[in-house]
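Each remark here refers to the structure printed beneath this line.
The values are calculated or read from the model by the stated rules, or taken from the named source; none is laboratory data. On a predicted model such as this, the values are computed, not experimentally measured, just so you know. We place every Cβ from the backbone using ideal geometry, glycine too, and count neighbours over all the protein chains shown. For the accessible areas, the whole protein counts, side chains as well, though only heavy atoms, and no ligand, DNA or RNA atoms are used. Shrake-Rupley method; radii C 1.70, N 1.55, O 1.52, S 1.80 Å.
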Amino acid sequence: MGKNILLGITGGIAAYKTAAAASALTKQGHNVFTVMTESACEFISPLTFQSLTGNPVEVDMFSPPDRFEVKHISLADRADITLVAPATGNFIGKLAGGIADDLLSTIIMATRSKVLIAPAMNVNMYEDVSFQRNLSILKERGYQIIEPESGYLACGYEGTGRMPEAEMLVKSILSHLTISDLDGLKFLVTAGPTREPLDPVRFMSNYSSGRMGYALADRAAARGAEVTLISGPTALKPPAGVRLIRVEQAREMQEAVLEEFADKQVIIMAAAVADYRPADYHEEKIKKQENNLKQISLKQNPDILTAVREAKAKEQILVGFAAESGRILEKARDKYQRKAPDILVVNDISRSDRGFAAETNAGFIFTGEEELELTLRSKTKFAEAVLDEIKDWL
Ligand code: PMT
């Protein structure tokens with residue numbers, strides 16, 4: 001059944017992407033109501049949204065309503081979900097400061113629906129200290145932030161501040177409209193490979209793309225969890241509404257995990273952490289003609305999962321991943337005993353359609369009581385199944 005989606009538009013050129021999102025949501029059968037600030041009307045016409053959604057567009061707080069109702073309250077109550085996109089620095093500042101001086105800010109203050117905010121602005125404005133403080137205030141209050149992307153900005157600058165495309169806005173809305181069975185829980189997820197440098201241009205790493213960990217973070221956030229994702233280097237877009245911490249080396253990942261895990265109810269470690277690193281880092285690029293690098297000595301990296309298991313409280317759930325090939329069940333049972341997470345997810349990496357870098361995955365979930373087989377499916381569906389199991393455990 002179609003949902004009532006409230007779109008708030010503030011003054012930014014990215015408003016054209018929101019128009020495309022409004023059109024897509026309407027075509028999917030949702031009832032889209034648009035509220036624009038006066039500055040938004042300088043960038044795009046209310047008529048655009050009216051034509052695309054088939055609903056009247058509201059701008060003015062005091063224009064007479066069709067029938068008697070308090071306009072901002074009725075719009076606020078009607079929304080199943082609210083998205084403000086683009087959200088300017090000024091508008092985010094108003095929300096953070098509790099100012100409600102126009103129709104849109106008044107509605108946001110009054111609504112009990114989930115509110116997604118998609119900031120869009122110049123990189124220097126985005127990095128401004130007061131803006132970042134305002135953004136953290138919104139995050140603390142439970143607003144879901146659709147993080148801006150990096151790239152070419154309409155003002156001619158390169159950097160962070162570009163609003164994601166319409167497709168991403170739609171995906172964020174739809175994912176927040178699904179079940180919220182992980183509402184109120186805090187998740188920590190690790191993803192991707194680590195990179196262990198040898199000199200300024202060379203490193204040791206592995207083929208992890210980060211897809212599995214990102215899918216887990218994305219689905220957990222979509223089901224209502226507050227998710228922190230600690231990621232090694234990947235080419236993936238950060239999932240909407242997830243707090244992302246980027247790291248490179250295993251030791252950096254360990255530091256970030258140990259700093260973050262204490263207040264999380266669920267810790268999922270899907271990263272492929274390098275077990276070893278080059279023992280010596282060469283400050284300068286190693287020259288070929290020196291012909292002196294016949295062997296690379298390695299040093300063992302810390303085992304992050306073991307460190308968390310030893311430090312965590314009993315009620316915190318620790319989920320490990322294991323990548324195995326050949327006799328995977330046997331090896332996985334052994335790893336489950338040795339590393340002793342609460343839940344161990346095993347994936348077979350001997351085939352190209354699962355495990356490292358694949359779009360799909362298959363494997364087993366060990367919970368101590370059962371060994372549940374997960375047949376081949378997309379990493380998103382695989383992530384959903386892992387989360388279902390965690391939900392049962394909870
Ligand atoms: O990123 P993708 O391309 O989507 O691929 C997904 C994946 C195959 C990388 C993922 O599904 C997976 O299996 N991740 C764990 C891979 C791995 O390193 O397994 P392992 O058996 O070496 O480690 C077991 C567990 O200990 C893992 O939870 C790992 O995060 C953790 N570990 C490992 C080494 C180390 N030094 N510290 C750790 O915490």
Longest principal axis of the chain (C-alpha) makes with the long axis of helix 328-339 (C-alpha) an angle, in degrees to the nearest 10, of 90
Add -39500 (n - 2.57) for each DSSP H run of 4 or more in the chain, then divide by its residues: what number comes out at 222 nm, to the nearest 500 deg cm²/dmol? -10000 deg cm²/dmol
Measure nothing fancy, just the Cα-based angle from helix 166-177's long axis to the longest principal axis of the chain, in degrees from 0 to 90, nearest 10. 90
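Would you mind getting the accessible area per residue of the stretch 1-131, heavy atoms of the protein chains only, 1.4 Å probe, in Å²? Each step should come with its number before you reach the end.
Working: 5920 Å² over 131 residues.
Accessible area per residue: 45 Å².
Within 10 Å of each candidate Cβ there may be at most 13 other Cβ atoms; applying that plus a DSSP loop requirement, which trypsin sites (Lys or Arg not before Pro) in the stretch 343-378 survive?
ARG351
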Of LYS17/LYS171; LYS237/LYS264; LYS314/LYS379; LYS312/LYS379, pairs whose Cα-Cα distance is over 20 Å: LYS237/LYS264; LYS314/LYS379; LYS312/LYS379
Taking the full set of protein chains and a 1.4 angstrom probe, give the accessible area of GLU165 in square angstrom, rounded to the nearest 10. 90
Loop-located GluC sites (Glu not before Pro) in the stretch 323-394 whose Cβ has at most 12 other Cβ within 10 Å (DSSP): GLU359, GLU369, GLU370
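What's the FRET efficiency of ILE137 with SER352 using the Cβ-Cβ distance as r and R₀ = 45 Å, to the nearest 0.05? Don't jump to the answer; show the numbers that get you there.
Working: r = 46 Å, r/R0 = 1.03.
Using R0 = 45 Å, I get an efficiency of 0.45.
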5 Å is the cut-off here: which amide hydrogens, built 1.01 Å from N in the peptide plane, fall below it relative to PHE203, excluding neighbours closer than 5 in sequence? LEU198
Angle between the Cα long axis of helix 250-260 and the longest principal axis of the chain, 0 to 90 degrees, nearest 10? 50
What whole-number value in Å² describes the accessible area per residue of the stretch 282-369 for a 1.4 Å probe? 61
Rolling a 1.4 angstrom probe over the protein chains, ignoring ligands and nucleic acids, what is the accessible area of SER23 in square angstrom, nearest 10? 20
What does the convex hull of the Cα atoms of the chain come to per residue, in Å³, rounded to a whole number? 168
Given a Förster distance of 30 Å, report the FRET efficiency between GLU330 and LYS391 from their Cβ-Cβ distance, rounded to the nearest 0.05. 0.60
Sparse-neighbourhood loop sites, chymotrypsin sites (Phe, Trp or Tyr not before Pro) in the stretch 1-103 - DSSP loop, at most 13 other Cβ within 10 angstrom: PHE62, PHE68
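Quickly rank 126-134, 295-303 as a protection proxy: mean count of other C-beta atoms within 10 Å, highest first. It would help to have the intermediate numbers written out before the result.
Values: 126-134: 14.3, 295-303: 12.4.
Result, highest mean first: 126-134, 295-303.
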Measure off, as a whole percent, the carbon and sulfur share of the 1.4 Å-probe accessible area of the chain, all protein chains present. 49
Neighbourhood charge, 10 Å Cβ-Cβ cut-off, centred on LYS264 and excluding it, Lys, Arg +1 and Asp, Glu -1: -1
With +1 at each Lys and Arg Cβ and -1 at each Asp and Glu Cβ, the charge dipole magnitude of the chain around its Cα centre, to the nearest 20 debye, comes out at 640
For the chain, set up a GNM with springs between Cα atoms under 10 Å and report which of VAL266, VAL35, VAL201 has the largest fluctuation. VAL201
